[in-house]
Amino acid sequence: AVVASHQTFARRRLGDGFAWLARRLLDAKLYDYQCGAKAITRESWALVRPHLYEPGFAWDVELVAVAGALDRRIAEVPVTWEDQPGSTVDPVGASVEMARSLFASRHRAKLIRENRLHSLLDAGRTEELALVDRLRPEALDE
């Protein structure tokens, strides 16, 4: 990517640390898991959609984790990035929440791949609605 303006040193280090951990936990090996732009084919969306549960900043990480678990083709395309100063994101709270979401996304990806350990860990849990179905219940009829 071409970076037109940079984040603070601390935000860059937190992002680098997150990407390092994600590379070790997820099937999809990317440079940047949280670039704001994502594109997906209709066919892939139909496969991935029912497996997405994470809201907010973690949504795109789970999208990548699930797509990787379903053996969908994932490509990174360089973009021009311009950081918007004045972010109100709490770096500590957001980092803790992103780490939790990363492990939850990994768990769901392992369930898709029918990993025995993750299936045992998930036994007895009540099934929840996917994120898009919670946000748009009428979508269940489509």
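The values are calculated or read from the model by the stated rules, or taken from the named source; none is laboratory data. Keep in mind that what you see is a predicted model, and the values were worked out from it rather than measured. Neighbour counts run over all protein chains shown; Cβ positions are idealised from the backbone, glycine included. Protein only, heavy atoms only, side chains kept; ligands, DNA and RNA dropped before computing areas. Shrake-Rupley method; radii C 1.70, N 1.55, O 1.52, S 1.80 Å.
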Considering residues of region 16-44 that are among the small types (Gly, Ala, Ser) and within 14 Å of the chain's Cα centre (by Cα) only, the residue surrounded by the most Cβ atoms within 10 Å (Cβ to Cβ): ALA22
Which condition breaks for ALA109 when tested against (1) touching a Lys or Arg at 6+ places or on another chain (Cβ under 9 Å); (2) within 30 Å of ALA10 (Cα to Cα); (3) at pLDDT 90 or above? (1)
Which of (1) modelled with pLDDT under 90; (2) under 20 Å from ARG23 (Cβ atoms); (3) within 18 Å of the chain's Cα centre (by Cα); (4) surrounded by 10 or more Cβ atoms within 10 Å (Cβ to Cβ) does ALA75 not meet, given it meets every other one? (4)
List, please: which pairs have Cβ atoms under 8 Å, are six or more places apart or on different chains, and start with a residue in region 1-15 that is over 10 Å from VAL79 (Cα atoms) and end with one that is open to solvent by less than 60 Å² (accessible area, probe 1.4 Å) and at pLDDT 75 or above? GLN7/GLY15; LEU14/SER95
So if I check each of LEU14, LEU25, which one is modelled with pLDDT of 85 or more and in contact with a helix residue (DSSP H, G or I) (Cβ under 9 Å, 6 or more places away or on another chain)? LEU25
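Determine whether ALA4 is loosely packed, with under 12 Cβ neighbours inside 10 Å, at pLDDT below 90 and outside any loop (DSSP other than H, G, I, E, B).
On the way: loosely packed, with under 12 Cβ neighbours inside 10 Å: yes; at pLDDT below 90: yes; outside any loop (DSSP other than H, G, I, E, B): yes.
Yes.
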Residue, surrounded by the most Cβ atoms within 10 Å (Cβ to Cβ), within region 112-142, restricted to residues that are at pLDDT below 90 and within 27 Å of GLY15 (Cα to Cα): LEU131
